[in-house]
Each structure stands twice: as C-alpha cells, then as structure tokens.
Amino acid sequence: MKISDRITDITGGGSDGWDVFYKARRMIAAGEAVIELTIGEHDIRTSAAILDAMHKAAIGGHTGYAMVPGTPALRAAVAARIAARTGVPTGPENIVITPGGQAALFAAHNLTCAHGETAAFIDPYYATYPGTIRGAGARPRAIVTTPESDFRPTRAQLMAGTEGAVSLLVNTPNNPTGVIYGPETLADIAAACIANDLWLISDEVYDTQVWDGAHISPRSLPGMADRTLVVGSMSKSHAMTGSRIGWICGPQEAIGHLINLATHTTYGVPGFVQDAATFALGQGDAVEAEVAGPFRRRRALTLAALARQNVVKAIPAQGAMYVMLDIRATGLDGEAFALRLLEEEKIAVMPGESFGQAAAGHLRVAMTVDDAAYADALARLLAFAERQAATRA
Ligand code: PMP
C-alpha cells in the first residue's frame with residue numbers, strides 16, 4: 001500500500017550523521033562501557049516531589065480526558081511565568097498545553113504553513129527541525145550560519161533566507177551550539193520577520209539553562225508579540241523529558257486554532273501530568289536552578305579543560321546542556337573524529353554534521369554524565385585531539 005510522500009519524505013534521506021549514535025547504542029547493548037555524551041537528557045530523574053504530585057493527582061481521579069487546551073491551573077501558571085519573565089502581558093488565553101515541545105513545534109508549523117509553503121530555520125539546528133517542517137507539509141529552508149559568527153545568523157543571512165518564506169524558526173539558548181542570541185541578533189531576527197511578514201516560531205525549551213548573558217524572548221521585542229509563537233517545555237527545566245509536557249504561547253486567535261488542531265490530533269495531555277507540571281512551576285525558580293546546576297558546573301569544567309590546550313576551540317558555551325567544539329585543527333571531520341573516539345576511547349559524542357552543514361568539523365558534547373566522569377571523558381577527548389593534530393603535523 002502506498003504511504004504518503006509527506007510521511008516517507010520526513011527524514012529527507014541520505015546520511016544524516018547519526019551513524020555514530022546508533023553504533024554507540026549497539027556497543028552499549030552488547031555490554032560495552034561507553035560514556036555517552038550524545039542525547040540531551042539529564043543524568044538525574046524527575047524529582048520525587050513532582051512524582052508525588054503526579055501520583056496524588058492520578059489517585060485523586062485525574063485520569064480521565066483532560067481539557068484539550070490544558071487545565072485552567074496549568075495555563076494560568078505558564079502564562080504567569082511568561083509574563084513575569086518577559087514583561088509581555090500574557091493570560092491563559094495565550095497558552096495551549098501540548099505533549100512536549102516537539103508536538104508544539106509540529107503544531108506551530110501546521111498552524112503557520114500551508115501545503116508547500118516555505119518554513120525557514122537556522123543551521124546548525126536541532127535534528128528534528130527539517131523533518132517536523134516536512135511532516136507539516138511545508139518546505140524547509142536552512143539559513144546556514146558560520147563558525148566565524150559563532151553560528152549566529154547575520155542580518156543579511158536572515159533577510160535573504162526568509163524571503164518568500166512564511167515562518168522562521170529560531171532556538172535560543174541553542175541546541176546544538178550552546179550559543180545565546182543577544183539583543184543585536186534578536187533585533188535582526190525581528191527585522192527580518194517584520195520585513196518579510198513572517199511568523200516567528202521561537203523555541204525556548206532551554207530558557208532556564210543560561211550560563212553567560214541573559215535569555216531574551218523575542219516575543220518581547222517591539223511589534224513581535226502578534227507574530228510570535230513561543231515553544232516551551234518542562235523537559236529540560238524540570239527534568240520531565242518522559243512526561244511529555246510543553247506549550248505554545250501566542251496570540252489568542254492563533255491559540256484558538258491550535259486548540260482546534262489539538263482536538264483533532266492529541267486530544268490533550270494527561271490530567272495527572274498537567275497537575276504535576278502545575279505543582280512543579282509552583283515550586284519557583286530555585287528548583288529550576290537546581291536542575292540546571294550540574295550543567296553549569298560542567299560548563300565551568302569544560303572551560304578549564306579547554307584552557308589547558310590549544311588544538312580544540314570552543315564556540316562560546318553560554319547556555320543549554322551542550323558544548324560545541326571546533327576540531328578542524330585535527331584534520332578530521334566531525335564524523336570521522338567521533339567514530340574514532342568511540343572506537344578507541346569508548347566515548348560517544350555527536351558529530352556536528354548531525355545538525356546540518358554549518359557545524360561540519362565540530363562536535364556536540366552533551367554534558368550529561370556526572371562531573372567526575374565528564375571531566376575524565378573530556379580530558380581523554382582533548383588528548384585524543386592533540387594526538388591527531390600531532391600526527392598531522
Ligand atoms: N527543541 C529543542 C531545541 C530540543 O533540544 C528539544 C529536545 N531535545 C525539543 C525542542 C523537544 O523537547 P520536548 O519535546 O522534550 O519538550
């Protein structure tokens with residue numbers, strides 16, 4: 001039976017730079033001790049207090065169909081958090097609860113792009129972006145940045161790359177680069193959106209992981225609230241990746257259509273998960289800082305280790321749970337380096353090539369194992385790079 005092109009073409013075909021990841025998984029399944037610095041998943045689990053709230057909600061009977069837009073309490077809690085952090089007036093009517101940020105990205109592109117229309121995004125990118133856009137029936141267009149600008153898009157790149165598009169997807173703090181967009185880049189993004197009359201889809205799932213500078217939501221820029229859809233999630237901020245809970249924040253009319261879309265797709269998010277999320281948001285900023293803490297420490301370990309050598313350079317690690325390393329001085333591309341590191345040192349990292357063409361010759365290292373194991377793996381990675389560079393010389 002024929003399967004629709006929209007689905008068969010989601011991944012776009014070709015080598016996608018994920019061979020290293022799958023090889024690492026096979027080695028682990030075969031019992032080998034591989035240090036995995038690949039996926040954006042905390043080395044802690046969801047806190048006992050959040051799970052307790054989830055359990056109480058479920059036992060209390062919140063196991064039937066929940067309200068499709070989200071519970072009033074959670075919509076209000078998310079709106080209050082956004083209003084407090086951005087200063088933009090935000091109410092429950094601006095929020096729809098989704099099963100995670102990924103589902104929010106898919107819904108946002110379905111809302112904004114008609115079939116065959118162009119949706120722009122920034123390369124390097126979170127691996128699912130082009131497939132999510134294709135799955136929504138739109139055409140992905142990458143705006144390819146360069147390491148020389150720390151992978152921040154320039155105004156010229158944004159203007160040219162969004163011409164004829166209907167939406168622009170940006171992500172700050174950024175996965176995979178760890179870069180945070182400052183006021184200048186955000187002003188360029190807003191200018192391109194206004195000049196080319198685009199929706200901005202702003203993926204802010206790493207908004208609590210900020211090490212250097214500040215996270216500014218582009219929705220707060222002049223003229224942007226009416227054309228911005230913010231994607232948020234509890235996955236990274238509260239170590240709730242498995243609970244699948246996130247949201248979209250946007251203009252009321254858009255949210256109304258998104259609720260209609262949810263009625264015909266997900267039919268909402270489990271009530272006990274929403275109650276746990278409401279509880280978690282009610283715990284305030286300290287809990288979020290605690291969940292982010294290990295990555296803050298490991299980022300400091302990374303900077304200290306990098307300062308002791310001069311082969312590997314880092315893209316400024318300002319936020320998120322990753323560091324992006326420039327290994328071009330070794331003469332290896334990202335994929336070859338990552339494969340040999342896996343074979344020789346049993347350390348798994350992601351080649352930059354997994355995240356588009358801009359990050360070729362780079363590695364994304366997820367800081368997702370305990371501090372001692374992380375420092376050891378990083379030291380061995382850097383020593384490996386130094387040996388490669390010496391052989392090359
Ligand atoms: N956006 C980015 C940039 C991500 O890295 C991720 C997850 N790794 C997501 C969205 C989706 O997260 P979730 O669906 O768990 O909320």
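The values are calculated or read from the model by the stated rules, or taken from the named source; none is laboratory data. What you are looking at is a predicted structure, and each value in this text was computed from that prediction instead of being measured. Every residue, glycine among them, receives a Cβ derived from its backbone with ideal geometry; neighbour counts consider all protein chains shown. Calculation scope for accessible area: heavy atoms of the full protein, side chains included, ligands and nucleic acids excluded. Shrake-Rupley method; radii C 1.70, N 1.55, O 1.52, S 1.80 Å.
Miscellaneous remarks
- Accessible area (Å², 1.4 Å probe, nearest 10) - R134: 70 Å²
- Compactness of the chain was expressed as the Cα radius of gyration divided by 2.2 N^0.38 Å, which yields 0.98.
- The accessible area of H62, taken with all protein chains in place and a 1.4 Å probe, comes to roughly 50 Å².
- With all protein chains kept in place, the per residue accessible area of the stretch 64-284 amounts to 34 square angstrom at a probe of 1.4 angstrom.
- Relative contact order [Cα under 8 Å, 6+ residues apart], the stretch 1-98, whole percent: 16 percent
- In this structure S354 has an accessible area near 10 Å², from a 1.4 Å probe over the protein heavy atoms.
- Cross-link partners for K313 among the aspartates and glutamates, with Cα-Cα distance under 16 Å and sequence neighbours closer than 8 places in the same chain left out: E148, D150, D326, D333, E386.
- Stokes-Einstein diffusion of the stretch 1-128 at 4 °C, 1.567 mPa s viscosity, Kirkwood radius from Cα pairs, rounded to a whole number: 66 µm²/s.
- Under the criterion of Cα pairs below 8 Å and six or more residues apart, the relative contact order for the stretch 64-284 equals 28 percent.
- Residue among A66, Y129, P153 farthest towards the positive dipole end of the stretch 64-284, charges placed on Cβ: A66
- q = 0.16 Å⁻¹: log10 I(q)/I(0) that the Debye formula gives for the stretch 64-284, counting C-alpha atoms only: -1.06
- Cut-off under 5 Å, modelled amide H: who pairs with W199 long-range: S167, L168
- Rg/Rg_ref, the stretch 257-366, where Rg_ref = 2.2 N^0.38 Å and atoms are Cα: 1.50
- Taking a Cβ cut-off of under 15 Å around Q274, the surrounding Lys, Arg, Asp and Glu residues balance to a net charge of +3, with basic ones at +1 and acidic ones at -1.
- Evaluated with a Cβ-only charge set (Lys, Arg +1; Asp, Glu -1), the stretch 64-284 carries a dipole of roughly 400 debye about its Cα centre, given to the nearest 20.
- Projected label distance in nm at I28 and T146, using a 7 Å step from Cα toward the beta-carbon: 3.7 nm
- Pairwise FRET efficiency - A379 versus T265, Cβ, R0 = 45 Å, nearest 0.05: 0.45
- A Cβ-based charge dipole, computed about the Cα centre of the chain with Lys and Arg at +1 and Asp and Glu at -1, lands at about 240 debye.
- Length gained on full extension, D212 to M1, computed as 0.36 nm times the residue gap minus the Cα-Cα distance: 70.7 nm.
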